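Below you'll find the structure, written out as structure tokens, and then a few comments.
The values are calculated or read from the model by the stated rules, or taken from the named source; none is laboratory data. Just so it is clear, the model here is predicted, and its values are computed rather than measured. We place every Cβ from the backbone using ideal geometry, glycine too, and count neighbours over all the protein chains shown. Just the protein is used for accessible areas: all its heavy atoms, side chains included, with ligands, DNA and RNA removed. Shrake-Rupley method; radii C 1.70, N 1.55, O 1.52, S 1.80 Å.
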Amino acid sequence: MSRIGKNPIAIPKGVEVTLQGDAVVVKGPKGQLKRGVPSEVTVTVENGQIVVRRKDDERRSRAMHGLMRVLLHNMVTGVSQGFTKVLEIQGVGYRCDVANNVLTLNLGHSHPMSFALPQGVSASVEKQTVIRLQAVDKELLGQTAANIKALRPVEPYKGKGIRYANQWVRRKAGKTGSKKK
């Protein structure tokens, strides 16, 4: 039995979980999320908890058991508390601004770059070099943060670029040069 999949998910106060055919809908104070359930597992709501069970012991069923439990837990956490990711911009003259759900980033290129935030993700800018992304959907939030990071990846020599707030970047030594005699 999956160590993760067998654990029930407690439904917090203010969150409503409904089963609609082969989909689960979770509503809460922060929003609503919907996800399909694969045929290898069954989802039930019992005694204020969500329980995920697999139908057989095949390899795919075992994989879907733990995965579906974690996805449902993320949905419940998202609609009740929400998720946050913090990005830092490092580099001389690198800065950002947000207006009307569009991030405008100055990242050392000859022109500012615009990044339209997807529906459901909001951003706030602190000190022009710190971007705080918030969303209900953890998967969408992570993909949005990765797309923003890809605009200017951190380079290993000077450490310039966009990184997560707690990301450690391995630095390389530059050229040492040669002595000519």
### Message
Checking the table LYS138/LYS172; LYS127/LYS172; LYS85/LYS160; LYS85/LYS127; LYS85/LYS158; LYS13/LYS138 against a 26 Å threshold on Cα-Cα, which pairs fail?
### Response
LYS138/LYS172; LYS127/LYS172
### Message
What is the percent carbon and sulfur in the accessible area of the chain, measuring with a 1.4 Å probe over the protein chains and ignoring ligands?
### Response
48 percent
### Message
Placing unit charges on C-beta atoms (Lys and Arg positive, Asp and Glu negative, everything else neutral), compute the dipole magnitude of the chain about its Cα centre in debye, rounded to 20.
### Response
1400 debye
#### Entry: Two-site label geometry, LEU19 and SER114: point separation in nm, points 7 Å out along Cα→Cβ
4.7 nm
### Query
In degrees between 0 and 90, to the nearest 10, how far off the longest principal axis of the chain does helix 138-149 point, with axes built from Cα atoms?
10 degrees
### Query
So what's the net charge close to VAL136: Lys and Arg +1, Asp and Glu -1, counting the other residues with Cβ under 14 Å from its Cβ?
+4
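How high is the relative contact order of the chain? Use alpha-carbon pairs under 8 Å, at least six apart in sequence, and give a whole percent.
17 percent
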### Query
Rounded to the nearest 500 deg cm²/dmol, what is the calculated helix-only ellipticity per residue at 222 nm for the chain, with -39500 (n - 2.57) per DSSP H run of length n ≥ 4?
-6500 deg cm²/dmol
### Task
May I ask you to list the aspartates and glutamates whose Cα is less than 17 Å away from that of LYS30, ignoring any residue fewer than eight positions away on the same chain?
GLU16, ASP137, GLU139
### Query
In degrees, nearest 10, range 0 to 90: what is the angle between the Cα axis of helix 59-80 and the longest Cα principal axis of the chain?
80 degrees
